[in-house]
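Handing you this structure, nothing more for now.
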Amino acid sequence: MRDGFGRNIDYLRISVTDRCNLRCTYCMPEEGVEPMAHADVLSYEETVRLVRIFAELGIKNVRLTGGEPLVRRGIESLVAEIKAMPGIETLSITTNGILLPEKFSSLKEGGLDAVNISLDTLVPEKFDRITRRTGLPVVLEAIDLCLDAGINTKINVVAMKGVNDDEFVALAELARDRNLAVRFIEYMPIGKNDFEKYVPGAEIRRQIEEAFGPMTPDTAPRGHGPALYYRPEGFKGCIGFISAMTCAFCSSCNRVRLTADGFLKLCLQYDIGTSLRDAMRSGASDEEIKDVIIKTVEKKPKEHTFNDWLDAKHIEEKNMSKIGG
């Protein structure tokens, strides 16, 4: 399936819930957000139907997100059903890791291929401040569980000035003796015009190379996202950079997103898309839904304009927890 600019769209990110067991400062307010009504959220049956339709259109890789996907009851069965679907090659989850130890065995048995674990600090007190909850030891346990089981494991670090910019080297060192990728993500002003926390990827790389020496490109397969990977000498794992602000990767973007309420979202920055939930619940056939998807994907924007925020139209105003990252 190709969009209007000829990009091959083969990666679908599905938010299965807008609820979360943490309250990360860059994702939602301290009091949380008004949750979607249960009736508005896609059922698992509806999600599976849409994944099957997307697979028939060429989607090969699926990632489950939230909110926090592991708070949704029965997520293990959804993983197994999607992974067994013809045409789906990889099934991964992005999680904060808090519930991963208790669900890990079932997820692995269901065919889970890869896990991205969000971890912005190694300091317990700072973890509590960022997430407004406790749980750093559990997250570190979850990382070890994944590695011991041979699961493709990545650590997602949102780089924030004045928050964790004194820990980039320490976080990168997680990859020294572990076969994982530590990925530094430039802070993106999703849902609000909030640039003050932004740290350029080049500055993060400078700090890491100052500590560990020059890094060489790492071309080993690491997934289907936009990160560029490098390896310091002597490291078992690698360091990744997702630099949406300074090194836009829109020309090679291969993904679309499905929100928890069934909205097909074309780009993180924009509110452009269409409700597949409404199409299904109005009685549309699979072929009619395919036609809606194809026509919607053709409208995928050429690029984001995070750096020209005030001039952009159709800006997404929802918080990250509502759109699935």
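The values are calculated or read from the model by the stated rules, or taken from the named source; none is laboratory data. This is a predicted model, so every value here is computed, not measured. Don't worry about glycine lacking a Cβ; one is built from the backbone with ideal geometry, like all the others, and counts go over all protein chains shown.
Here is a check on your reading of the model: is PRO232 surrounded by fewer than 17 Cβ atoms within 10 Å (Cβ to Cβ), over 17 Å from ASN156 (Cα atoms) and either touching a residue at least 40 places away in the same chain (Cβ under 8 Å) or not small (Gly, Ala, Ser) (or both)?
no
Can you name the helices (runs of 4 or more DSSP H) wholly within segment 16-114 that have at least 3 residues being closer than 23 Å to CYS253 by Cα?
Once the helices (runs of 4 or more DSSP H) in segment 16-114 are filtered for at least 3 residues that are closer than 23 Å to CYS253 by Cα, what remains is 44-56.
Let me ask something else. From the list ARG63, ARG7, which residue is surrounded by fewer than 21 Cβ atoms within 10 Å (Cβ to Cβ) and in contact (Cβ under 8 Å) with a residue 40 or more places away in the chain?
Going through ARG63, ARG7 in turn, the sole match is ARG7.
Modelled with pLDDT under 95, crowded, with 16+ Cβ neighbours inside 10 Å and among the basic types (Lys, Arg): does that describe LYS197?
Taking the combined requirement at face value, the residue satisfies it.
Quick one: THR95 ticks every box in (1) farther than 21 Å from TYR187 by Cβ; (2) surrounded by 19 or more Cβ atoms within 10 Å (Cβ to Cβ) except a single one, so which number is it?
For THR95, the exception is condition (1).
So GLU173 fits all but one of (1) in a loop (DSSP other than H, G, I, E, B); (2) surrounded by 14 or more Cβ atoms within 10 Å (Cβ to Cβ); what number is the exception?
GLU173 satisfies all of (1) in a loop (DSSP other than H, G, I, E, B); (2) surrounded by 14 or more Cβ atoms within 10 Å (Cβ to Cβ) except (1).
Can you list residue pairs whose Cβ atoms sit under 7 Å apart, with the first residue in segment 27-40 being touching a residue at least 60 places away in the same chain (Cβ under 8 Å) and farther than 24 Å from ARG129 by Cβ and the second being of a type in the set (Phe, Trp, Tyr) and part of a helix (DSSP H, G or I)? Count only pairs 6 or more apart in sequence or on different chains.
Taking only residues 6 or more apart or on different chains, not a single pair turns up.
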